[in-house]
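Notes to accompany the following structure.
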Amino acid sequence: MWQSSRPGSIYDYIRVASFSLGPDGRIDQWSERAEHMLGIPARHALGKDPVEAFVPRELRATGRRKVSEILDGREWTGLVPYRKAEGADTDGLAEIYVMPSRDENGERAAVCLVVDVRALRGIETDLAASQAVFGQSPMGFTLFGTDLKLLRVNERFATVFGGPASKYRGCGPHDFLPRSEAERMTVALRRVLETGEPVTEMQLVGMAPGEEDRRRWSVSLYRLHGASGRPIGVAALAADVTGRRRAEREAASARRNLALLNEAGARIGNSLDLETTARTLLDVAVPQFCDLASVDLYQGLLSGDEAPPGMSDGSAELRRVAFASAVSDAPLPTAPGDAPGPVAVGAVHRYPFNSPCAGALRTAHAQIIPGRESDEGPELGAVVQSTLAVPMVARDTVVGLVQFSRTKGSEPFGERDTALAVELAARAAVCIDNARLYRREHERALILQRSLLPPGDPEAAGLDIACRYLPGTTATEVGGDWFDVIELPGHRTALVVGDVMGRGLRAAVAMGELRTAVRTLALLDLEPAEVLSALDEIARGLGGDGEGRSSSARPARGRSGAAEGAGEPRRSAGTADLSEVYLATCVYAVYDPVTRRCTFANAGHLPPVLVEDGEDALLLDVPPGMPLGVGGEPFEEIEVELPDGALLALYTDGLVESRHHPLEEGLQAFRTALSGADRPLEDACDQVLSAMDTSHGEDDIALLMARVHGLPKDAVGDWNLAPEARSVARARELARDQLTDWGLQELVDTTELLVSELVTNALRHGHGEIRLRLLLDRTLVCEVWDADLAQPRRRRARDTDEGGRGLQLVGLLSQGWGSRRTPRGKTVWFELALPDGESAAMDPAEALLSLF
């Protein structure tokens, strides 16, 4: 078919047919379109009565009347059923438009136009549907022509962009979209028109007329084709997804915040260090939540004060403990109204009273502070857009301030961000306050424990001493291990190492009580076994009510020889057995520098190690005994001769035992390290610790090392005196000669007087042979031995008494005096300080007169 109109015209769809009636009412013309549409060939239609040929029998009377009216010159339009040609499946229904006409003779005739009703109704339905889509669709519906101009838009599109729908016909994307978005839309339209590939869910952003907020649309494009398959344009479906996008952002923000809180809960609070906790908070927040952040804590609280001055109004001093940045290493710039200049980590500063940060501290409420251009210099590298100043509140107390900042280009802080920041700050505040309280209590406990340990360089006659104490970990610097060096009469020295089972403050308190008891018992000059027996009773009393503890309990042997368990008192279910805190092991040794002999007693502790010159280290065979606090078992003691130059080591099990190796392996390594320790004692001590595994952090470590050199023979004067009166003069003479040989003439008179008193008392109240001994070391010690067991007792003499002032005189003139039992009697001693050339000793005559 030849045609000059565009394909897809209305006639291609309607397919109108025509025929004509002559003056006689019969068909005289029959078009080919009528033949194809009605299925009746021209030979069957020409010359026939249309009523007889096409109209059903029951309608023929009406049909003839209508034909007569038409031939009389009346137009007519109506529906006419017709019978298709033979072989057709169904009859048809045609809409016929009849127009009267005349032939060449001027006689009446008619021209008829025929349209198939079904095709017409289909077109009407399609038009109605198209109109409904354009008019009733809640989505923006547009149709672009091949020139990318709008052919039609629906009312929804016009409502979004303003004006009537007709206003947009002939417009392009640049007429209703921002330039950048219009260019994107144009490129997409061309691509769809050229390739036929649809575009779905393309996001466009623009401003609706009369609105200030940006809106977001989701646009889908697809190409349209005519009846011949030729592209005729591009259809576009657009939906406003601003609300959905906002909801998606809020959901994503909620998920991000929840993940941030989960991460904060998992990471914050894993350390009891203030700075570490603050840095962890910032590690969580930067850059996930903000670009820069800092933490300030009240300086007074860090120093131990409960409420530093100025804390109530927010103007107290604070210390910057942490800073983090994702944009620069420079310190956080100050907020408007705060003190000028950045604050470095570790710096102490304060916020002015009227500043936003001081207001946040004062009110305990977070504040959003607008940003400003920074004058801090190019090192910041960004401009702070807004800052969240969030007070850190723990247990209703503000402990500091955390600032979260976002730079230009980031989304400003909102209510949801503020709530999240408050939650993060609150979690960190509780952990920081816990760390602060722990640090305060820990420092107090550490001061307590250090006060209970001996000084760093203890001195003893005949011994060089070095000692070390290492806590199990930096978090538990207080524990139950202890060592002590106690000076005893006669220039003897007690060496003590012990270990209270457990760790922490309770173990440290128990250690302090036991150490004090040891020193008290040692000053009574008891034998080592007696000291441990008395200490065992004290430990049982410290552990609680010792009732019910079986005296015949036998604890199981542990890896270090200490008891792993013991007989337990009866107690109700669920009641804690606090007595175990006071179970302890201890080794107690007394060294006499004159005899070079050392007496050991052990209460469940590891054996001492002895290293003699040129020999391998040896574990001394000291009976282990029961741990202190078990009770019911006597302690044994042994005496060992220590040659000059020998090295003695006392230690706790933390040095030689850990889960990484058995005890025997640790003891062997310790002996090997000691065998090569022939250097100065302090260096030898460090060498042993470096050779051993001291970094396991499982238990405290105490190490006490002593190198023996004894008192030289010329520093000892030792004489036996007969139990007779002339021995008093003999004692004075011996003392005078010995002190003269030692160059101690300044002490001669005082020593003669006191020696006379002690020897006289031995003659008057004792019996048997008398022994006089003078010892010179850091002080002068005089000892008088006799065979009587009765201990001297100092009494107050009345003015009329002729005697009873001897021991008063001894106490007045000496630096110290006392008595102790011996296997065959007692020893009474006094000690004099050596002259230092600065302070003069008391004159004996004046001291004697002062007693009356």
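Read-outs: derived from the displayed coordinates by stated rules, not from any lab. Treat the numbers as computed from the prediction; the structure is a model and nothing was measured. Using ideal geometry, Cβ is built from the backbone for each residue, glycine included, and neighbour counts are taken over all protein chains shown.
If packing is taken as the average number of other Cβ atoms within 10 Å across a peptide's residues, how do 523-535, 582-594 rank, most packed first? Intermediate values should be presented prior to the final figure.
Numbers: 523-535: 19.9, 582-594: 26.1.
Top to bottom by mean Cβ count within 10 Å: 582-594, 523-535.
In straight Cα distance, which lysines are under 30 Å from K167, not counting same-chain residues fewer than 8 positions off?
K149
Once R0 is set to 30 Å, what does the formula 1/(1 + (r/R0)^6) return for the Cβ-Cβ distance between R440 and A364, expressed as a FRET efficiency to the nearest 0.05? Mind showing how you got there, number by number?
On the way: r = 23 Å, r/R0 = 0.75.
The value I calculate is 0.85.
For Cα pairs less than 8 Å apart in space and 6+ apart in sequence, what is the mean separation divided by the residue count of segment 137-240, i.e. the relative contact order in percent? Let's see the in-between values first.
Details: 201 pairs, mean separation 29.8, N = 104.
Relative contact order comes out at 29 percent.
Over all directions, the average projected area of the alpha-carbon convex hull for segment 137-240 comes to how many nm²?
Quarter of the Cα hull surface area: 6.3 nm².
Would you calculate the separation in nanometres between label points at V117 and T62, each defined as 7 Å from the Cα along the Cα-to-beta-carbon direction?
Placing both labels 7 Å beyond Cα along the Cβ direction yields 1.0 nm.
Order the peptides 291-297, 515-521 from the highest to the lowest mean number of other Cβ atoms within 10 Å of their residues.
291-297, 515-521
Can you give me the long-range amide H partners of G645? Hydrogens built in the peptide plane at 1.01 Å from N, cutoff under 5 Å, separation of 5 or more residues or another chain.
V708, H709
Could you give me the radius of gyration and the Dmax of segment 10-121, taking only the C-alpha atoms into account and expressing both in angstrom?
Using the Cα atoms of segment 10-121, the pair Rg, Dmax is 13.4, 41 Å.
Run the numbers for N354 and M99: contour at 0.36 nm per residue of separation, minus the present Cα-Cα distance, in nm.
Roughly 82.1 nm would be gained on extension.
Please express the Cα-Cα pair-distance distribution P(r) of segment 659-791 as a list of whole percents, one per 5 Å bin, running from 0 to the bin with the greatest distance.
With a bin width of 5 Å, the distribution comes to 2, 8, 15, 13, 9, 7, 5, 6, 8, 10, 9, 5, 2, 0.
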